[in-house]
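These notes are about the structure you will find just below.
The values are calculated or read from the model by the stated rules, or taken from the named source; none is laboratory data. What you see is a predicted model, and the numbers here were worked out from it, not measured in a lab. Glycine gets a Cβ as well: all are built from the backbone with ideal geometry, and neighbour counts include every protein chain shown. For accessibility, only protein heavy atoms count, side chains too; no ligands or nucleic acids. Shrake-Rupley method; radii C 1.70, N 1.55, O 1.52, S 1.80 Å.
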Amino acid sequence: MNKATAGKIFSWLATHQDSMVKLTRETALIESPSADPATQGPVFDRFEAELNSIGFRCRRYPGKTSGGQLLAMPGDPSSHTHRQLLLGHCDTVWPVGTLAKMPVESRDGRLHGPGVYDMKAGLVQAVFAIRALRELGMSPSVTPVLLINSDEEIGSGESAWRIKKLARCVDRAMVMEPSLGPEGRLKTARKGVGRFVITISGKAAHAGLDPDKGISAILELSHVVQALHALNDPEAGTTVNVGMIDGGVRPNVVAAESRAEVDVRVRTEAIARRVEQAIYAIEPTVAGTQIKVSGKIDRPPLEPTPRNRTLWHRAQEAADALGFEVREDAAGGGSDGNYTSLHTATLDGLGAVGDGAHALIEHVIEDKMPERAALLACLLIGAPVSDRDSPPDPNAWAESVAPTCEDSTNAEVT
């Protein structure tokens, strides 16, 4: 990436900062919580209008329990050998009515409001990066396609399969999740995330009259909780957290059943498999109790693979050409980039610079939006990544854009 080209891209985007902020404000005013699928249609409509204006054709995929997905493509991408995926979500964690206490407004160069940082500004930046290249006559050699889903905040249960299919037939994936910290660090690693439910069965009895006839599921659960916490490994970055427990019916009844819900986070796929096996291998300590385990680590880690490092180094080169420094970091939470990294070069955190995801202080820094969009645009016009583990799957494209929806059940993880 030469500095002259990068400079032209940034200059065009800098003159369109107000338009970027305006579109972010408009889409944030369309409240779109994950749990209310009907709210996703209007925000899809707004982005579809913008994408149509730059020559992209859009396909809508309805969801069964989510608001579905929107896939945008220039012309006929089936005729292109190389494609690249821009990935983001339009759902937020904020319920309808949040605007009353958290209005969308600009203050001191920051745009505040529900969903602006996570992650409607990132989607806006993606649209404007594509628009800038089109207006400047800079055609990417790798065809960009954009997928927006509406269930990322609740685990991408319906969209994960399509994301994985797309990842198998693209050269690289750029994830428009917000960056880390006010420095705008890119996310080059993310932990894998899983949820487990452990149910203990015992035998009920009167705690005063016949305590010896009972078998306490709660007593067994206390041993299971300790076994789970023993799987924590801070040095390896492994966390196993028993976040919820319940059991029993009354204080004077020996509990016949208890359960625990467990959150697991791991840095590597190898550790994921070991921890998963260890959880399923937990044996009862209290005679007569039974343990049932369900769940898995279903959002794999985003690891610093060689192809991911290649994309990261390109981002460094692009930032240098644009005249600023970009840093990297690891994130404890998961994103849809965890799925794409299994199959293609992935770089996450390319979205907005700001703070307050899922918090009342949520905001984006307005004058960083052209900078981040320019960084993305520079990556979009880069040559194909040459160190894929295997060529893009030629059959996966037809499968990924098919109108049918495969069932996929994932835990609620973010």
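Tabulated results
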| quantity | calculated |
| --- | --- |
| Top-ranked residue of segment 54-102 - restricted to ones that are in a helix (DSSP H, G or I), touching a residue at least 40 places away in the same chain (Cβ under 8 Å) and within 30 Å of ALA383 (Cα to Cα), ranked as most open to solvent (accessible area, probe 1.4 Å) | SER78 |
| Selection count where residues are over 30 Å from PRO103 (Cα atoms), in contact with a Lys or Arg (Cβ under 6 Å, 6 or more places away or on another chain) and open to solvent by less than 10 Å² (accessible area, probe 1.4 Å), scope segment 322-343 | 2 |
| Of all residues making up segment 181-206, the number that are at pLDDT below 95 and open to solvent by 40 Å² or more (accessible area, probe 1.4 Å) | 2 |
| Some residue of segment 312-319 being of a type in the set (Asp, Glu), at pLDDT 95 or above and either in a helix (DSSP H, G or I) or over 22 Å from the mean Cα position of the chain (by Cα) (or both) | yes |
| Close pairs from segment 280-304: first within 14 Å of LEU342 (Cα to Cα), partner among the basic types (Lys, Arg) and in a strand (DSSP E or B), Cβ under 7 Å, at least 6 apart | PRO301/ARG190; LEU302/ARG190 |
| Residue match in segment 172-180 (condition: buried (at least 19 other Cβ atoms within 10 Å of the Cβ) and closer than 23 Å to VAL293 by Cβ) | no |
| Test: residue in segment 221-239 that is over 28 Å from ALA330 (Cβ atoms) and surrounded by 18 or more Cβ atoms within 10 Å (Cβ to Cβ) | yes |
| Residues of segment 70-121 classified as farther than 18 Å from MET174 by Cβ and at pLDDT 95 or above, total | 26 |
| Matching residues in segment 283-311 - criterion: being assigned to a strand (DSSP E or B), more than 21 Å from ALA160 (Cβ to Cβ) and open to solvent by 60 Å² or more (accessible area, probe 1.4 Å) | GLN290, LYS292 |
| Search result, residues across segment 117-127 that are under 13 Å from ALA377 (Cβ atoms) and either open to solvent by 10 Å² or more (accessible area, probe 1.4 Å) or touching a strand residue (DSSP E or B) at 6+ places or on another chain (Cβ under 9 Å) (or both) | ALA126, VAL127 |
| Which numbered condition GLY334 misses (of (1) under 18 Å from the mean Cα position of the chain (by Cα); (2) at pLDDT 95 or above; (3) among the small types (Gly, Ala, Ser)) | (2) |
